[in-house]
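Below is one structure, written out as structure tokens, with a few remarks after it.
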Amino acid sequence: MAWQLQEQEEARRLRVLLQQQQQEDAETRQLRVGLRQHGAPRWEDVYTTTSFVERSRRRKPGAMKAQERYLRRDVHCGVASCATCRHARALLPPQVLPRVNDGEYVIPDAFSLLQCMELLEEETLFSRAAPRLLVLESVLQAALKLAPSRDASRLRKFFRGEDQRIEGDVRVYLFPDQHHMDTFVEPTMDEVQTVRDDRAILKTVECGGGEV
């Protein structure tokens, strides 16, 4: 009787985990940059990652999951009047971050993003602390994996459905860094998440040069 209950619990847990994986994949597809309406897609390379889905509390490997990333150069950085993006003929999003000469752009890592969720949801405080927030897609995905289910739902609700949202003076842009040829960061074996976030942020800033 006990082993039957254990098998049922593991089966239920596997179904929940697969549903979460499917939801994350669907949201990732929504966050990706769309293809041009005319002409051939301008992707230049494909990167494939494979991983196993855990099927029990003992971390036994289950089904294999493969994910392809199409790397492009026509992905906009999200800052208005960017000469680099204009030269690359990047797809212009509906809304972009304003260009400022003396202001700052905040680019958080996964830990900082989780710690500042209350700040994100408070428009008045956020507009004073970080009126221009550039969030990397890789950082958001890492934060969703680290966060408890409730906090992950809050993050998904905040970023769901659009690459950028404007509420009053608060401007947030979600940059698909893992689909840009110049900002893609390949994960290494046994790399700590904070180190990978730092590499992704540093590479994005270096790519932006004087733009960010």
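The values are calculated or read from the model by the stated rules, or taken from the named source; none is laboratory data. Model, not experiment: these values are computed from the prediction. So basically every Cβ, Gly included, is an ideal-geometry build from the backbone, and we count neighbours across all protein chains shown.
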- Conditions (1) more than 15 Å from the chain's Cα centre (by Cα); (2) at pLDDT below 85; (3) surrounded by 14 or more Cβ atoms within 10 Å (Cβ to Cβ); number of the one not met by residue 159: (1)
- Note on the structure: Condition set assigned to a helix (DSSP H, G or I) and in contact with a Phe, Trp or Tyr (Cβ under 9 Å, 6 or more places away or on another chain), scope the range 121-137, selection surrounded by the most Cβ atoms within 10 Å (Cβ to Cβ): answer is 137
- Query: Among (1) under 19 Å from residue 85 (Cα atoms); (2) at pLDDT 85 or above; (3) not charged (D, E, K, R), which single condition is residue 153 missing?
  - Reply: (1)
- Reported set for the range 190-205 where residues are of a type outside the set (A, V, I, L, M, F, W, C), surrounded by fewer than 16 Cβ atoms within 10 Å (Cβ to Cβ) and modelled with pLDDT under 85 is 190, 191, 194
- Listed by first then second residue, the pairs whose first member lies in the range 1-22 and is on the phi < 0 side of the Ramachandran plot and surrounded by 10 or more Cβ atoms within 10 Å (Cβ to Cβ), whose partner is modelled with pLDDT under 70 and acidic (Asp, Glu), with beta carbons under 8 Å and at least 6 positions apart or on separate chains, are 17/54
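Keeping to the range 77-99, report how many residues are in a loop (DSSP other than H, G, I, E, B) and more than 15 Å from residue 172 (Cβ to Cβ). Give the steps one after another, and end with the answer.
Step one: list which residues in the range 77-99 are in a loop (DSSP other than H, G, I, E, B), which gives 77-78, 80-82, 88-90, 92-96, 98-99.
Of the ones still in play, those that are also more than 15 Å from residue 172 (Cβ to Cβ) are 81-82, 88-90, 92, 99.
Of the residues in that region, 7 qualify.
Out of 104, 118, report the one residue that is surrounded by fewer than 14 Cβ atoms within 10 Å (Cβ to Cβ), modelled with pLDDT under 85 and part of a helix (DSSP H, G or I).
On the way: 104 fails: part of a helix (DSSP H, G or I).
Going through 104, 118 in turn, just one is surrounded by fewer than 14 Cβ atoms within 10 Å (Cβ to Cβ), modelled with pLDDT under 85 and part of a helix (DSSP H, G or I): 118.
Applying the selection to the range 142-153, what residues are in a helix (DSSP H, G or I), out of contact with any Leu (no Cβ under 7 Å at 6 or more places or on another chain) and surrounded by fewer than 16 Cβ atoms within 10 Å (Cβ to Cβ)? Don't jump to the end; show me each part of the working.
Our first condition is that a residue be in a helix (DSSP H, G or I); within the range 142-153, this holds for 142-146, 149-153.
Narrowing further to those that are out of contact with any Leu (no Cβ under 7 Å at 6 or more places or on another chain): 142, 145, 149-150, 153.
Scanning the range 142-153 gives 145, 149, 150, 153.
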- Failed condition for residue 187, given (1) modelled with pLDDT of 85 or more; (2) more than 20 Å from residue 93 (Cα to Cα); (3) not hydroxyl-bearing (Ser, Thr, Tyr): (1)
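Inside the range 121-138, can you point out the residues that are at pLDDT 80 or above and among the hydroxyl-bearing types (Ser, Thr, Tyr)? Working first, answer last.
Going residue by residue through the range 121-138, those that are at pLDDT 80 or above are 132-138.
Hit for the range 121-138 is 138, nothing else.
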